[in-house]
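Quick notes on the structure that follows.
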Amino acid sequence: MFAYNLDHVALAVYSLDAALADYARLFGAEPMYREVVEEQGVEEAMIAVGGSFIQLLQPLGPDTPVGRFLESRGEGMHHIALAVADIDAALEHLRAEGSQLVDERPRRGGRGARIAFVHPKSFAGTLVELVESHA
């Protein structure tokens, strides 16, 4: 069995600047970092909340996964992310348990982390991201 911790909850937004201004005004929250992740087609910002984060995602264009999400569903929760110590072992475990994987192998995500997504069909309609970060 694997230990999983909540890494972040990701919200898709039309405007990262507007969303960050709202978090600052409403909660006094400032992002820990902001970066463009070309491989994912997003600009993202992470806001610390307790021992986890809220990740705000703005698509780099309409023909990206987050761009298509916003077009079909509007702003809101995109996925939850679980921190794992060994993403390769976690993927193998989930595969053996019959989970439908979006990513068969880890890829690069924000913060230099290795990430992989698990299809919403495996988790009650919720897209789940696995995050292995040694930062």
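Each residue in segment 42-59 was checked for being more than 12 Å from the chain's Cα centre (by Cα) and without any contact (Cβ under 8 Å) to a residue 40 or more places away in the chain, and 4 pass.
Of all residues in segment 19-46, those satisfying the criterion of being in contact with a Gly (Cβ under 9 Å, 6 or more places away or on another chain) and either in a loop (DSSP other than H, G, I, E, B) or of a type in the set (Val, Ile, Thr) (or both) are Val37, Gly41, Val42.
Among all positions in segment 113-127, there is at least one residue which is under 13 Å from the mean Cα position of the chain (by Cα), surrounded by 14 or more Cβ atoms within 10 Å (Cβ to Cβ) and either over 23 Å from Tyr4 (Cα atoms) or of a type in the set (Lys, Arg) (or both).
Take the residues of segment 1-19 that are aliphatic (A, V, I, L, M) and in contact with a Leu (Cβ under 7 Å, 6 or more places away or on another chain): which is surrounded by the fewest Cβ atoms within 10 Å (Cβ to Cβ)?
Step one: filter segment 1-19 for residues aliphatic (A, V, I, L, M), giving 1, 3, 6, 9-13, 16, 18-19.
Imposing the further condition that a residue be in contact with a Leu (Cβ under 7 Å, 6 or more places away or on another chain) reduces the set to 6, 10-13, 16, 19.
On the way: Leu6: 14, Ala10: 23, Leu11: 16, Ala12: 24, Val13: 23, Leu16: 18, Ala19: 21.
It comes out as Leu6.
On the basis of being farther than 28 Å from Leu91 by Cα and either in contact (Cβ under 8 Å) with a residue 12 or more places away in the chain or in a helix (DSSP H, G or I) (or both), does Pro62 make the cut?
Values: farther than 28 Å from Leu91 by Cα: yes; either in contact (Cβ under 8 Å) with a residue 12 or more places away in the chain or in a helix (DSSP H, G or I) (or both): no.
When the stated conditions are applied, Pro62 does not pass them.
The residue pairs whose first member lies in segment 10-31 and is at pLDDT below 95, whose second member is not in a helix (DSSP H, G or I), and whose beta carbons are closer than 6 Å, counting only pairs six or more residues apart or on different chains, are Ala29/Ile47.
The values are calculated or read from the model by the stated rules, or taken from the named source; none is laboratory data. Keep in mind that this is a model prediction, so the values were computed, not measured. Because the Cβ atoms are built from the backbone with ideal geometry, glycine has one as well, and the counts that use them run over all protein chains shown.
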